[in-house]
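As structure tokens, the structure follows; a few thoughts come after it.
Derivation of every value follows stated rules applied to the coordinates shown; laboratory data play no part. Everything numeric here is computed off the predicted structure, so don't read it as measured data. Cβ: placed from backbone, ideal geometry, glycine included. Neighbour counts: every protein chain shown.
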Amino acid sequence: MDVHRYDLEVELHALVRETRRAVEGWDWSRGAYGHALSLPAQRQLHPTGRYRYENYPCVGVLGQLPAFQEVFDTLECEKTSFRLLRREPGSAYSWHTDRGKGQGIVRFQIPLISDDSSYLLTTDYWQADEVRGSPSVPVNGEDFDQFARANAGHYRRHQLEPGRLHYFDTSRVHTLVNAGSRERITLAFDLVVNDWLLARFPEVRAEVGDGPVKQPPRRGVLRSGLSAALTGLYPMRNFARRQLRSH
């Protein structure tokens, strides 16, 4: 349930400035789940991530954003995602794990636009249905107090500082709450574990284990072509999601 924090060489104000530029005019409903903007081009991602829904669409603007490019380049490993994620005011993600990111992949994030009303809840649960009490994520104070009593000893609440790099084991159940009146935007990225990453961030061993780390698969030409073709269905998936939310 720990969160590990690391200093970042890139200045926060530069990242915030480029975030404002990147999202200006961006229709968040176009991105995955209605809250994502994938900055690289597909070719800049590991083959296992290029055509995943989570990265739709890869807008290919990383080269126009030197501060983000610097973050990308200083991570000496392959990436399967590199996205801006937006959390609306007064909202939260559902209880979830990120085990779907795949084998040999770990997730980091850098909060960019955030305040003290946003917080991360980590747990020692493996499945979302293990969370006791209401299945809803606590957004207001009264709901949080009830959650805290029901799950005492099984959760931790964390403030994530803007401009710092954060890692925690996302294979366990967690959520992010934005209880405030302003949007929250974070940079989240998935990294393929290699020797450099293990030396730089040894804390990931708790997630990936002590032995050799199995690498994500590299798809062949046929499977890559099929995956690329299936991205044509993603706009319909977004449309269906918007329709469900409106009812």
- Task: Report the paramagnetic label zone for Met1: residues of region 135-161 whose backbone N is under 16 Å from a point 7 Å from Cα along the Cα-to-Cβ axis.
- Result: 138, 144-159
- Computed FRET efficiency, Cβ-Cβ of Arg242 and Gln64, R0 35 Å: what is it to the nearest 0.05? 0.80
- FRET efficiency (Gln146, Arg99; Cβ distance; R0 25 Å; to 0.05) is 0.35
- Take Asp7, Asp143 and order them by how many other Cβ atoms sit within 10 Å, fewest up front. Asp7, Asp143
- Query: How many nm is it between the label spots at Leu233 and Gln127, if each spot is 7 Å from the Cα in line with the beta carbon?
  - Reply: 2.7
- Quick calc: nm separation of the 7 Å Cα→Cβ label points for Ser91 and Ser29 -> 1.2
- Label points 7 Å out from Cα along the Cβ direction at His13 and Asp73: separation in nm? 2.2
- Item | Two-site FRET efficiency, Arg219 against Ser136, from Cβ-Cβ distance with R₀ of 30 Å, rounded to 0.05 | 0.20
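Only Cα pairs under 8 Å and at least 6 apart count here; give the relative contact order of the chain as a rounded whole percent. Could the numbers behind the result be given before it?
Numbers: 449 pairs, mean separation 72.2, N = 247.
Answer for the chain is 29 percent.
Taking only DSSP H segments of four or more residues, each worth -39500 (n - 2.57), what value at 222 nm results for the chain once the sum is divided by all its residues, to the nearest 500 deg cm²/dmol?
Numbers: 7 runs with 63 residues, N = 247.
So the helix-based figure for the chain works out to -7000 deg cm²/dmol.
Within a 10 angstrom radius of the beta carbon, how do Arg184, Arg43 rank from fewest other beta carbons to most? Mind dumping the intermediate values first?
Values: Arg184 24, Arg43 9.
Final ranking by Cβ density, sparse to dense: Arg43, Arg184.
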